[in-house]
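Report on one structure; see the data block that follows.
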Amino acid sequence: MHLGKIYAEDIEHQDYAESMKWYRLAAQDQYAPAQFSIGEIYMRQNNSQGYQQALKWYFLAAESGYAPAQFNLGEMFANGIGVVKDYPTALKWYHMAAKQANPYALASLGRLFEEGRGVPQDFALAHMWFNLSSAYGFNFAQTERDNLAQKMPPTQIAEAQAIARDYAQNYFKNKS
């Protein structure tokens, strides 16, 4: 698996064929990070055939519980990348990754609730998701949370913080 990553990340000599060889060997053993990496290589093709292959590989990794793949599926469905926009499906995948403290999924949930895309607009829930994401080091989410807080009364901010604490206690017991 590590050799595939080295080949894929070598900017001067991106040898995707060699990377794919190593990733496919690992993917045969249902190794989710390798399945995800194959999906990433296909996404870089930036065309419908690549998106369909990426979708296939992301599903394999996501079904194994791999949060980065779950997040990427959420992104594909939320933004209509290679699929028809489908917010309920995007929310499903974002939630699965969010329960694993994936900061990008947490922020994406914040964005959906802030904008009311696929869900009723809810600033308290948006603030909660951004707050959780920023707690895991995603600076963008901290900025979004702070900007959103300027539109909210103090009682709503307090509600959002309480919801965030409850969520973190229920799902992030062993995350750091």
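The values are calculated or read from the model by the stated rules, or taken from the named source; none is laboratory data. Source: prediction; values computed, not measured. Reconstructed Cβ throughout: ideal geometry from the backbone, glycine too, with neighbour counts over all protein chains shown.
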- Message: Looking at 125, 148, can you tell me which residue is surrounded by 14 or more Cβ atoms within 10 Å (Cβ to Cβ) and farther than 27 Å from residue 58 by Cβ?
- Response: 148
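Okay, residues lined up against (1) of a type in the set (S, T, N, Q); (2) in contact with a helix residue (DSSP H, G or I) (Cβ under 7 Å, 6 or more places away or on another chain); (3) more than 17 Å from residue 112 (Cβ to Cβ):
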| site | (1), (2), (3) |
| --- | --- |
| 29 | no, no, yes |
| 50 | no, yes, yes |
| 56 | no, no, yes |
| 64 | yes, yes, yes |
| 71 | no, yes, no |
- Being modelled with pLDDT under 95 and surrounded by fewer than 22 Cβ atoms within 10 Å (Cβ to Cβ) narrows it down to one of 173, 85, so name that one. 173
- Looking at this structure, is residue 53 among the polar types (S, T, N, Q) and surrounded by fewer than 24 Cβ atoms within 10 Å (Cβ to Cβ)? yes
- Message: Residue under question is residue 80, and the condition is that it be at positive phi, surrounded by fewer than 16 Cβ atoms within 10 Å (Cβ to Cβ) and more than 13 Å from the chain's Cα centre (by Cα); does it hold?
- Response: yes
